[in-house]
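A short write-up of the structure that comes next.
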Amino acid sequence: MFFFDPLWFLIMLPPLIFMIYAQRKVSSAFKKYSKIANSQRVTGAEAARTLLRANGLNNVKVEGVKGRLGDHYDPRKKVLRLSPAVANTPSVAALGIVAHEVGHAVQDQVGYAFLRFRTSLVPAASLGSNLGFVFVILGFLIYLFSGSEFGSYAVLAGIFLFSLAVLFSLITLPVEFNASNRARQMLRSTGMVSVQEYNGASAVLSAAAMTYVAATLQAVAQLFYFVLMFMGMRR
């Protein structure tokens, strides 16, 4: 359906290309700075505990997680989870990623509004991301084969549901950029990195931020296509 529509390609291709570029950029930056050991020879896990203590976050646990670049902070369980390549490696890249995740923990501690809003949106965004496509596709098929108005209403419902996922992506941007800014400040203030190491860690953070921008552009483009589809049905 979508894949046979030239308009879908026209709308979705640019953000898709940007996503591929962003993923290669973050992979390249992580690979490059993972090979450079930090001057203090501290692993990601050790750095995480040091930064958490420095911010008075003794209640946050540090755990491992399987997979590559699966590092994240869970605000509900107060747990910072690190992938093996980050937790066990004394690299410059590990410091940047760890500081970013600790930045999320600090956001949680101070009640950063965008993080609280994003956390509250998780169930609705998950539901909207999955059911939005289902409603749009089913609604379009119903309208296509029967001409029933019910089909257009189903598409509209799908647009509403998917918009929750788009809202989640939009809210994610300030959360991630703020966490990266906090990470840079922490790395500076603690003296954990040299000037060159700071530049390397910052490069990893900037590359990672591009993936969130790309994901948001994809979500917005998909929603835009759904809206155009609905408008075409209503003519």
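Here, each number is a calculation from the coordinates, and none is a lab measurement. Everything numeric in this text was worked out from a predicted model, so none of it was measured. No Cβ is skipped: glycine too gets one built from the backbone with ideal geometry, and neighbour counts run over all protein chains shown.
Remarks
- Cut-off 18 Å (backbone N to label point 7 Å along Cα→Cβ of residue 127), residues of the stretch 144-187: 154-169
- Helix 6-34 axis, angle to the chain major axis (alpha carbon atoms, nearest 10°): 10
- With both labels modelled 7 Å from their Cα along Cα-to-Cβ, the residue 206 to residue 27 distance reads 2.1 nm.
- Calculated FRET efficiency, residue 66 to residue 160, Cβ-Cβ distance, R0 = 41 Å: about 0.70 to the nearest 0.05.
- Annotation for residue 119 and residue 35: the two label points, set 7 Å from Cα along the Cα-Cβ direction, are 3.9 nm apart.
- In the chain, the longest principal axis of the Cα atoms and the axis of helix 92-110 are about 70 degrees apart.
- Over the chain: helical MRE at 222 nm, DSSP H runs n ≥ 4 each giving -39500 (n - 2.57), nearest 500: -27000 deg cm²/dmol
- Available extension along the chain between residue 149 and residue 76 is 22.1 nm, counting 0.36 nm per residue and deducting the alpha carbon span.
- Listed by chain and number, the lysines whose C-alpha is less than 18 Å from the C-alpha of residue 77, apart from same-chain residues fewer than 8 away, are 61, 66.
- Normalising the average separation of contacting C-alpha pairs (under 8 angstrom, six or more residues apart) by the number of residues puts the relative contact order of the chain at 25 percent.
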